[in-house]
Amino acid sequence: MNVRRYRRRQIVAEAIQYNGANFAEISAWCSYVQDLGGGQIKLNLPQGASATLNKDDWIIKTGKDAFGPGRMQDYGYVPFGDVWESL
């Protein structure tokens, strides 16, 4: 059996956490957000999908116009500078 192993290339992502009061900062960084009021924002993804974010949720940017909701640690990301230089 000829099994090969692969690893993903290193991807540097940007992320911002919605704290309930920083909608202006987020909308300047990501034009796909809409303030729903009541501490919620909506992320309208370019692919046509959408996600509702609450206070303490994160928006992740992994490339040009590649945004999505989630928590960095759920995707295996660590703060920049902690691991990348040691790989």
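The values are calculated or read from the model by the stated rules, or taken from the named source; none is laboratory data. Bear in mind the structure is a predicted one, so any value in this text is a computation, not a measurement. Neighbour counts are summed over all protein chains in view; Cβ atoms, including those assigned to glycine, are modelled from backbone coordinates with ideal geometry.
Listed here are the residues, each with its yes/no results for (1) in a loop (DSSP other than H, G, I, E, B); (2) in contact with a Lys or Arg (Cβ under 9 Å, 6 or more places away or on another chain); (3) among the hydroxyl-bearing types (Ser, Thr, Tyr); (4) surrounded by 14 or more Cβ atoms within 10 Å (Cβ to Cβ).
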{"residue": "ILE11", "(1), (2), (3), (4)": "yes, no, no, no"}
{"residue": "ALA15", "(1), (2), (3), (4)": "no, yes, no, yes"}
{"residue": "ALA28", "(1), (2), (3), (4)": "no, no, no, no"}
{"residue": "SER31", "(1), (2), (3), (4)": "yes, no, yes, no"}
{"residue": "LEU43", "(1), (2), (3), (4)": "no, no, no, yes"}
{"residue": "GLY48", "(1), (2), (3), (4)": "yes, no, no, no"}
{"residue": "ALA51", "(1), (2), (3), (4)": "no, yes, no, yes"}
{"residue": "ILE60", "(1), (2), (3), (4)": "no, yes, no, yes"}
{"residue": "GLY68", "(1), (2), (3), (4)": "no, yes, no, yes"}
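(1) at pLDDT 90 or above; (2) out of contact with any Gly (no Cβ under 8 Å at 6 or more places or on another chain); (3) surrounded by 13 or more Cβ atoms within 10 Å (Cβ to Cβ); (4) not in a loop (DSSP other than H, G, I, E, B): which one isn't true of ASN19, the others all being true?
Here ASN19 meets the rest and fails (4).
Within the set of pairs 6+ apart or on separate chains, which have a first residue in region 17-37 that is within 13 Å of PHE67 (Cβ to Cβ), a second that is assigned to a helix (DSSP H, G or I), and C-beta atoms under 8 Å apart?
Filtered contacts from region 17-37: TYR18/ILE26; VAL33/PHE23; VAL33/ILE26; VAL33/SER27.
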